[in-house]
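Here's the structure we're looking at; comments come further down.
The values are calculated or read from the model by the stated rules, or taken from the named source; none is laboratory data. Every value quoted in this text rests on a predicted model; they were computed, and no experiment measured them. Don't worry about glycine lacking a Cβ; one is built from the backbone with ideal geometry, like all the others, and counts go over all protein chains shown. The protein model used for the area step is the full one, side chains on, heavy atoms only, and it has no ligands, DNA or RNA in it. Shrake-Rupley method; radii C 1.70, N 1.55, O 1.52, S 1.80 Å.
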Amino acid sequence: MRKTSMVLRERAWRGGCMVLMCAAVAACKAPPRVPAPVEDRGAPRHVTVAPGATPPARATPLPGAENEGKPGYHTVRPGETLIRIALESGQNWRDIVRWNNIENPNVIEVGQVLRVVPPVSAPVAQAEAPRAVPPAAPSSSVLPPLSAGSAPRVAATPAPAAPAPAPLPQASADDDIPWAWPTSGAAVVLAGFDEQKNKGIDIGGRPGDPVLAAADGRVVYAGAGLRGYGNLIILKHNNTYLTAYAHNQSLLVKEDQTVRKGQKIAEMGATDSDRVKLHFEIRRQGKPVDPARFLPPR
């Protein structure tokens, strides 16, 4: 009996050893444990702002942020260019460059706040009094769009400005401009003014038909840098009125050139348009108005 008990204990001991050895072998063959990834909870991936709360401020405020919402300032919206801002504020884009010390006119940021009215001490580029009209440039001289390579760079401390040109006499209401049609011959109006859909009138014609200045003024833009307008000329007539001439096949004047009413400034075309036409706008302090209210009857 005693011998049987010893045999049983010896078998149990051997069985336990075998179990321990198998476990050790299995542990050696098992792949090493990979620690769980560590998540950094110190810096949140996004910040949730409660309704009505003020979002966190940018580390570096955009230029002019302190003037946001003030009269005479414009906050840049997505898709806007300096040329469009100038057109819609009734200003010369070069003036806006100077007033805001912009180094590259092609680089403005969404949310940037720009001055779009002249400072009290800053002269405004006005239309000059009529002078002898220089000969028109050849029809092939299409001016390039505003680009980083051709745009003027404004120094931090601008050089003394040249004497301002003599402005046109201003009527008391600034509305007594003797307007003329921007095309010769019988005008075929393809589309009238619609404040929401059409900022001016569309006049039909043939390629190369003359496009005429509707009043005395100065060229403040000539190029193709405004989407939807093609080859575009903008004239400034006084501190109130601008006119725009779009979709031309060629431009015959250059920026800062003075023109007279009836002078040929471009040739009609179909740039950025589905057909040959002149898109003509009159803007009063940057706001489009119906040209039919100003042009003489035909």
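Summary of values
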| quantity | calculated |
| --- | --- |
| Phi-based couplings in Hz for the stretch 189-202 (Karplus 6.51, -1.76, 1.60; Gly and Pro marked x) | 7, 7, 8, x, 6, 9, 4, 8, 9, 9, 6, x, 10, 10 |
| Spin-label pair residue 175/residue 70, simplified geometry with 7 Å Cα→Cβ offset, distance in nm | 3.2 nm |
| Protection proxy ranking of 80-90, 101-111, 186-196 - average other beta-carbon atoms within 10 Å, highest first | 80-90, 101-111, 186-196 |
| With DNA, RNA and ligands ignored, accessible area of residue 240 (1.4 Å probe; Å², nearest 10) | 10 Å² |
| Unsatisfied cross-links (Cα-Cα over 26 Å) in the set 197/254; 70/254; 199/254; 197/264 | 197/254; 70/254; 197/264 |
| Segment residue 80-residue 103, extension gain: residue separation times 0.36 nm, minus the distance between their alpha carbons | 6.5 nm |
| Whole-angstrom gap from the stretch 215-291 to the stretch 176-211, using each part's C-alpha centre | 11 Å |
| Gained length - residue 186 relative to residue 264, 0.36 nm times residue gap less alpha-carbon distance | 26.4 nm |
| Karplus (6.51, -1.76, 1.60) ³J(HN,Hα), θ = phi - 60°, over the stretch 239-248, in Hz, Gly and Pro reported as x | 6, 10, 10, 10, 10, 10, 10, 10, 6, 5 |
